[in-house]
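Written below as C-alpha cells is the structure these notes are about.
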Amino acid sequence: MDKEERAEDTNNPMDEIIRGSEEENKLQQTRRMEIASKWMEGTGPEADIVISTRVRLARNMRNFPFPPLASDEQREKVLKLAEDVFLKNEEKSPELQILNINSLSPVYRQVLLEKHLISPLLSKENRFSALILRDDEVISIMVNEEDHFRIQCLLPGLQLEKGWQEASRYDDFLEAHVDYAFDEEKGYLTACPTNVGTGLRASVMLHLPAIVLTQQINRILSAVSQVGLAVRGLYGEGTEIVGNLLQISNQITLGQSEEEIWQNLYSVTSQLINQEKNAREHLLNEGREKIADRAGRAYGILKYARMIDSQEVMQLLSDIRLGVDLGLLKDVPVKVLNELLVLTRPGCLQYLNGKTLSPYERDLERAVQIQKWLA
Amino acid sequence: MLCERCGKKNASVHVTKITEGKKTEVYLCDHCAKEKGEFEFPFEGKFPLHQFFSGLMGLPAGSSEKVIPTGYGGLQCPECGLTYTQFGQIGHFGCDRCYESFGKNLLPLLRRLHGNQKHMGKIPARAGSYVKLKKEIESLREELQRKVAEEAFEEAAEVRDKIRKLESECPPGGENLG
C-alpha cells in the first residue's frame with residue numbers, strides 16, 4: 001500500500017460501526033482465533049487451487065451394535081473406552097482434548113460443523129457422542145456418530161498421502177486397544193454399506209473459478225462422476241456449489257486398496273489442477289483487465305458493504321482469491337480469505353456475537369466481521 | 001403368469017401380505033399394483049439414500065412394513081434383531097453381525113455400490129493377524145504354482161517350505177480373532 005491509500009484508510013467510513021467496547025473486541029478476538037484452523041492456512045502443495053484435503057476412516061467395535069441402534073448404556077461404554085484409549089495415554093493425551101457433544105451449545109456445535117470438524121449427524125447427537133480433537137485440529141475423531149469411530153485428518157493444500165498416513169497412525173493406535181469389527185472378505189464393517197471395506201473417504205476441496213468462467217465446469221463434472229468420484233458443494237452432501245468451490249471424493253470403498261483410492265483421487269485432482277491452470281492462463285491472456293477489475297470490485301464491496309448475505313460473500317471471496325492467485329490483487333493473504341469463508345457462516349457469526357441472530361441481523365453482523373478481518 | 005386382478009397383463013409384482021398373522025400372496029401387473037395402492041411412493045423432495053438401497057436390494061422402493069418380499073425379507077440378525085426388510089428401509093446395519101446374517105443377499109448390493117465385493121485394503125494388526133497369515137499363504141500358493149509351471153523346482157520347494165512354516169503358525173481350529 002502506498003502512503004496515499006493508508007491516509008485514506010484512517011478515514012474509513014466504516015470505523016464507526018466496527019468499533020465495539022474494548023472488552024467486546026477482546027472476546028471477539030479470542031473467538032476469532034478459536035475459529036481459525038490449520039486447514040485454513042493457505043499453505044501446502046497446490047494451495048492456490050486446492051484449499052484442503054480430508055481423509056477419514058470409519059471404524060467399529062466388534063460385538064457392539066452400531067451407534068444408531070445402540071442403547072445409551074452401550075454408547076456410554078464406547079465413549080468411555082475412547083476416553084481411556086486417547087486421553088489416558090501418556091504420549092497422545094497432551095495434544096488431545098475431548099468435547100462431549102451434549103455439553104456443547106447449539107451454536108458451538110454449528111461452529112464445529114462449519115469448521116468441518118464434525119458432521120451434521122454428530123452435531124445433532126445428544127446420547128454419549130463426542131469429538132476428540134488434536135490441538136492443531138488436523139486430527140479429529142468423532143465418537144458415536146454413524147459408526148463408533150470416525151478418524152479424520154484435515155490438512156491445507158493437496159496432501160492426500162500425508163492425510164492417509166496420519167489417519168492410519170491414529171487408526172493403528174486405536175486398534176491396539178479396541179477389537180475392531182473386521183471381516184476377511186468385506187474388510188472394516190461399517191453401519192452403512194457405502195463405507196464398508198476400507199472405511200476410507202478421501203476428499204479435496206477445490207477452487208475452480210477459471211474452469212467455471214470458461215464454461216467447462218459441467219463437462220468436467222460429468223467426467224469426474226464417471227470415474228467413480230462424487231462432486232459436492234462446500235458443506236458436503238446435498239449442498240450447492242457456491243463460490244466456485246467444490247469437493248471431490250471417492251465413492252468406492254470396497255475392492256480397492258487405500259493407496260488406489262487416494263491415488264485415483266490424486267490423479268483426477270491433478271488433471272483438474274492442470275485444466276484450471278490452463279484456463280487461468282487463458283483468462284490472463286484474454287481478459288486480464290476484466291479479471292483484475294472483478295477482483296478489485298469484489299474487494300471494494302466486501303470492505304464497504306453494510307450488510308451482505310453468505311452466498312454473495314462466497315462469490316466475492318472467489319473473485320478476490322482468483323485476483324490474488326493471478327497476482328492482480330496484492331496484500332490480501334489467502335489465509336484471511338479461507339478464514340472468512342468459515343467466519344461468515346451463521347454459526348460462527350452467532351458465536352462471535354454471543355447471541356442468536358436473525359438472518360437480517362446476521363447480514364449486518366457479517367459485514368461488520370468482514371470489516372474487522374480485512375482491517 | 002397373468003395379473004390376478006385384471007387377467008390381461010403379465011404379473012410383474014409379487015405382493016406378500018401378512019394381516020393378523022394370515023399370509024396372502026398376490027401376483028399383479030404394474031398398473032393394478034399401483035391402483036390397489038400396494039406400493040406407496042410418498043413424494044419427498046430429497047431422495048433418501050436408503051430408498052436407493054431398497055431398489056438395489058430387490059425390495060420395493062419406499063416399501064412399507066406390509067410388503068414383505070418373499071425369500072429373504074424374513075431374514076433377521078440374531079444379534080441385534082434387525083430384519084433384512086428393515087435394513088432396506090433404514091439403509092443401515094444394526095451391528096457387525098448383520099453382514100454375516102444377511103450373507104450372500106448383500107453381494108448384489110455391494111457389487112452395485114462398489115463394483116466389487118472383496119476387501120483389498122488395510123488389514124488391522126490384531127484382528128487381522130490370522131487374516132494376514134492366510135493371505136500370505138494364499139499368495140505363496142500362487143507363487144508355488146507359477147514356479148512349478150516354470151519348472152523351477154528348487155525355488156518351488158523353497159516356497160513350499162515357507163508355506164508349511166506359515167501353516168504351522170496358524171492356530172488350530174481356524175480363526176483367532178480378538
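Odds and ends about this structure:
- The modelled label-to-label distance between B:ARG112 and A:ASP135, using points 7 Å beyond Cα along the C-beta direction, is 5.0 nm.
- Rg/Rg_ref, the range A:228-368, where Rg_ref = 2.2 N^0.38 Å and atoms are Cα: 1.24
- Relative contact order, percent, chain A [alpha-carbon distance under 8 Å, six or more residues apart]: 20 percent
- Per-residue shielding of B:88-94, expressed as the average number of other chain Cβ atoms within 10 Å of the residue Cβ, stands at 5.
- For the range B:90-160, lysine pairs with C-alpha atoms less than 21 angstrom apart, excluding pairs fewer than eight positions apart on the same chain, total 9.
- With every protein chain in place, the range B:83-178: carbon and sulfur % of accessible area (1.4 Å): 49 percent
- Carbon/sulfur fraction of accessible area - chain A, other protein chains in place, 1.4 Å, %: 48 percent
- A Förster radius of 56 Å, combined with the Cβ-Cβ distance separating A:LYS335 from B:CYS6, puts the computed FRET efficiency at roughly 0.25.
- Converting phi to 3J(HN,Hα) with the Karplus coefficients 6.51, -1.76 and 1.60 and the offset θ = phi - 60°, the range A:172-181 yields 4, 4, 5, 5, 5, 10, 10, 7, 7, 7 Hz in sequence order, with x at every glycine or proline.
- For the range A:232-375: lysine pairs under 26 Å (alpha-carbon distance), excluding those fewer than 8 apart on one chain: 13
- Taking the chain by itself as reference, the range A:164-191 contains these residues with an accessible-area loss of 30 Å² or more in the full protein complex (1.4 Å probe, heavy atoms): A:GLU175, A:ASP179, A:PHE182, A:GLU184, A:GLU185, A:LYS186, A:TYR188, A:LEU189, A:ALA191.
- Alpha carbon convex hull of the range A:255-334, projected area averaged over orientations, nm²: 7.4 nm²
- With Cα atoms, 0 to 90° folded angle of helix A:217-226 axis to chain A main axis: 10 degrees
- A prolate overall shape is assigned to the range A:294-333, the ratio a/c of its alpha-carbon gyration tensor axes (a ≥ b ≥ c) being 1.5 or greater and a/b exceeding b/c.
- When only Cα pairs below 8 angstrom with a gap of at least 6 residues are kept, the range A:34-181 shows a relative contact order of 39 percent.
- Largest first and in whole Å, the equivalent-ellipsoid semi-axes of the range A:130-233 read 30, 18, 11, each the square root of five times a Cα gyration tensor eigenvalue.
- Other protein chain C-beta atoms within 10 Å of residue C-beta, averaged over A:258-268: 1.
- Cα gyration tensor, chain A - rounded (a/c under 1.5), prolate or oblate: oblate
- Rolling a 1.4 angstrom probe over the protein heavy atoms with all chains in place gives chain A an accessible area of 43 Å² per residue.
- Chain-alone versus full-assembly comparison, the range B:98-112, residues with accessible loss of at least 50 Å² (1.4 Å probe): B:TYR99
- In summary, the aspartates and glutamates within cross-link reach of B:LYS8, defined as a Cα separation below 20 angstrom excluding same-chain residues under 8 places away, comprise B:GLU25, B:ASP30, B:GLU35, B:GLU38.
- Amide H contacts for A:ARG62 (H built 1.01 Å from N in the peptide plane; partners 5 or more residues away or on another chain; cut-off under 5 Å): A:ASP179, A:TYR180, A:ALA181.
- Between A:ASN218 and A:GLN315, the modelled labels are 1.9 nm apart [label points 7 Å from Cα along Cα→Cβ].
- Qualifying chymotrypsin sites (Phe, Trp or Tyr not before Pro) in the range A:307-375, DSSP loop, other Cβ atoms within 10 Å at most 15: none
- Summed over both chains, the area buried between A and B is near 3300 Å², taken from the accessible surface of protein heavy atoms with a 1.4 Å probe.
- The range A:185-290: relative contact order in percent, alpha carbon pairs under 8 Å with at least 6 residues between: 31 percent
The values are calculated or read from the model by the stated rules, or taken from the named source; none is laboratory data. All values reported here derive from a predicted model rather than from experimental measurement. Cβ: placed from backbone, ideal geometry, glycine included. Neighbour counts: every protein chain shown. What goes into the accessible areas is simple: the full protein's heavy atoms, side chains included, and nothing from ligands, DNA or RNA. Shrake-Rupley method; radii C 1.70, N 1.55, O 1.52, S 1.80 Å.
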